[in-house]
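Report on one structure; see the data block that follows.
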Amino acid sequence: MIKTFLLSLYEEAVRVSKPKHCLPKYFASFDKNQRVCILGAGKAAADMAVEAYNYFGDNAYGLVVTRYGYENTESTGNIDVHLAAHPVPDENSVEGAKALLSLASKVAPSENAIFLISGGGSSLACAPPEGISLDEKLALHKFLLRSGASIEEMNTVRKHVSVIKGGRLAAASRGINTSLVISDVVGDDPAFIASGLTVQDTTRPEDAIAILDRYGFSEASSIRDHLNQALPLPKVSGDYTLVANAQSAIDAAVKKAKAAGWDTEIISYTERGEAQTVAKRHAEIALEYKKKGKPILLFSGGELTVTLGDSEGEGGPNQEYLMALAHALDGEPGISALAADTDGVDGSKDVAGAFIDEGTLAKAFNKGLDVNVLLDEHNSFGFFGALDAHIEIGPTRTNVNDFRVISIST
């Protein structure tokens, strides 16, 4: 069954992105018998801490902050795991950020500090500057999430309305700093992964103001007042290593597909843009391949967006992409597709994504669903819920962007 096979490809992409698979080899350059401070934030942080404890044992101490429900699966020893909210921060996000800064400031100059960073850190380690309340920061987060701003734009604003982002966490440490990072950012720019907690950043407060202007954020606010007088971001030093990203995940799935006898093509590792627009383009590509009469799998990664505007629709970029893809393919025989987020959560609901095939539109019609209306309302969750076509795997404790695969058979 094609759905089962496509799901196995997604599961392989997730497997190689998990800390248990991608992280241990990077600890080998450290002396496991020396004391080391482990600090981290992100959806993969708890399981990254597990691997740190497996290597360093009780010589490792520290703190990581992760999302509720993403607790460690095994012991982390002296590395505490703090839970907070994502994608919108809460009081525990503030407490976690302050605790990370406090521990970092106590690292001795001769001591190793290893920062375990993954996607989601922007929300999970959130500490607004003096004069900005958490409620005001929450309003900013909610505005950015609904605005259609890219993850890079959102993180630019976040890091200038924070006391921990933009390299400030690493700057607080006097130790020998190393960052080991699982990327959820298209293009893997270290300054944007978890808002660059541990890397040098070149953006300016003026850049954040320009982004707020672009998307129509309130003219008068304490956030604007802060940005108008904010200091430049600090100088940061230390090693930085990427341990997993969208390319490594897709490449693993491609390898598995080829072993099963499939021809493959990668549309893009770094796809971005509005989900509906990208879906229409991918449908055109798929239909061109269909005309050639040769079975093939088309892969793509990256991070798509959905601009909700005034819509109250629920779903996520992968579900919206698939709903638009089904509409554009119009029941073309022999074409199926799966799209899911590698963190196990697509948008506002705890589903990873969904699956479509040539019968999707017919099933929707029989259930009285109007795909045009649902696309306008951005209600992809309702669409796939009615069709029982969601992909649900729970928290993966990692995140390397979207995973999409289109199957074309003759």
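Could you list, in sequence order, all residues of the range 368-410 that are within 20 Å of GLY331 (Cβ to Cβ), among the hydroxyl-bearing types (Ser, Thr, Tyr) and touching a helix residue (DSSP H, G or I) at 6+ places or on another chain (Cβ under 7 Å)?
Of everything in the range 368-410, those that are within 20 Å of GLY331 (Cβ to Cβ), among the hydroxyl-bearing types (Ser, Thr, Tyr) and touching a helix residue (DSSP H, G or I) at 6+ places or on another chain (Cβ under 7 Å) turn out to be SER380, SER407.
Restricted to the range 111-127, and to residues that are open to solvent by less than 10 Å² (accessible area, probe 1.4 Å) and assigned to a strand (DSSP E or B), which residue is nearest to ILE182 (Cα to Cα)?
SER118
Can you name the strands (runs of 3 or more DSSP E) wholly within the range 262-344 that have at least 2 residues being open to solvent by 60 Å² or more (accessible area, probe 1.4 Å), touching a residue at least 60 places away in the same chain (Cβ under 8 Å) and within 27 Å of GLU152 (Cα to Cα)? Can you show your working first?
On the way: elements: 264-274, 296-305, 335-341.
Of the strands (runs of 3 or more DSSP E) lying wholly inside the range 262-344, those with at least 2 residues that are open to solvent by 60 Å² or more (accessible area, probe 1.4 Å), touching a residue at least 60 places away in the same chain (Cβ under 8 Å) and within 27 Å of GLU152 (Cα to Cα) span 264-274.
Could you please give the count of residues in the range 167-185 that are in a helix (DSSP H, G or I), small (Gly, Ala, Ser) and crowded, with 24+ Cβ neighbours inside 10 Å?
As a first pass, look at the range 167-185 and keep what is in a helix (DSSP H, G or I): 168-171.
With small (Gly, Ala, Ser) added as a condition, the list becomes 170-171.
Still in the running and crowded, with 24+ Cβ neighbours inside 10 Å: 170.
Going through the range 167-185 one residue at a time, the tally reaches 1.
Any idea how many residues of the range 345-364 are open to solvent by 20 Å² or more (accessible area, probe 1.4 Å) and modelled with pLDDT under 95?
4
I'm trying to understand the selection: among the residues of the range 375-394, which are in a loop (DSSP other than H, G, I, E, B) and either open to solvent by 60 Å² or more (accessible area, probe 1.4 Å) or of a type in the set (Val, Ile, Thr) (or both)?
ASP388, GLU392, ILE393
Quick one: VAL185 ticks every box in (1) at pLDDT 95 or above; (2) of a type in the set (Val, Ile, Thr); (3) farther than 17 Å from ALA230 by Cα bar one, so which box is it?
The one condition VAL185 does not meet is (1).
When the residues of the range 350-367 are narrowed to those that are part of a loop (DSSP other than H, G, I, E, B) and in contact with a helix residue (DSSP H, G or I) (Cβ under 9 Å, 6 or more places away or on another chain), which ends up farthest from PHE5 (Cα to Cα)? Quick ask: steps written out before the conclusion?
Let us first name the residues in the range 350-367 that are part of a loop (DSSP other than H, G, I, E, B), namely 350-352, 357-359, 367.
From the residues that got through so far, the ones that are in contact with a helix residue (DSSP H, G or I) (Cβ under 9 Å, 6 or more places away or on another chain) too are 351-352, 357-358, 367.
On the way: VAL351: 19, ALA352: 16, ASP357: 13, GLU358: 16, LYS367: 27 Å.
Among them, the one singled out is LYS367.
Got at least one residue in the range 103-120 being touching a Gly at 6+ places or on another chain (Cβ under 8 Å) and of a type in the set (Asp, Glu)?
Yes - at least one qualifying residue is present in the range 103-120.
Looking only at the range 129-165, filter to residues that are open to solvent by 30 Å² or more (accessible area, probe 1.4 Å) and not in a helix (DSSP H, G or I); which one of those is modelled with the highest pLDDT?
Only one residue tops the list, namely VAL163.
Collect the residues in the range 52-78 that are without any contact (Cβ under 8 Å) to a residue 40 or more places away in the chain and in contact with a Pro (Cβ under 8 Å, 6 or more places away or on another chain), keeping them in residue-number order.
Listed by number, the residues that qualify are ASN54, TYR55.
Residue by residue, here is whether (1) among the aliphatic types (A, V, I, L, M); (2) part of a helix (DSSP H, G or I); (3) more than 30 Å from ASP341 (Cα to Cα) holds:
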position: GLY187; (1), (2), (3): no, no, no
position: PRO190; (1), (2), (3): no, no, no
position: GLN200; (1), (2), (3): no, no, no
position: GLU206; (1), (2), (3): no, yes, yes
position: SER237; (1), (2), (3): no, no, yes
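The values are calculated or read from the model by the stated rules, or taken from the named source; none is laboratory data. Owing to the predicted nature of the structure, the values given are computational and were not obtained by experimental measurement. Heads up, the Cβs are rebuilt from the backbone with ideal geometry, glycines too, and the neighbour counts pull from every protein chain shown. Heavy atoms of the whole protein, side chains included, go into the accessibility calculation; ligands, DNA and RNA do not. Shrake-Rupley method; radii C 1.70, N 1.55, O 1.52, S 1.80 Å.
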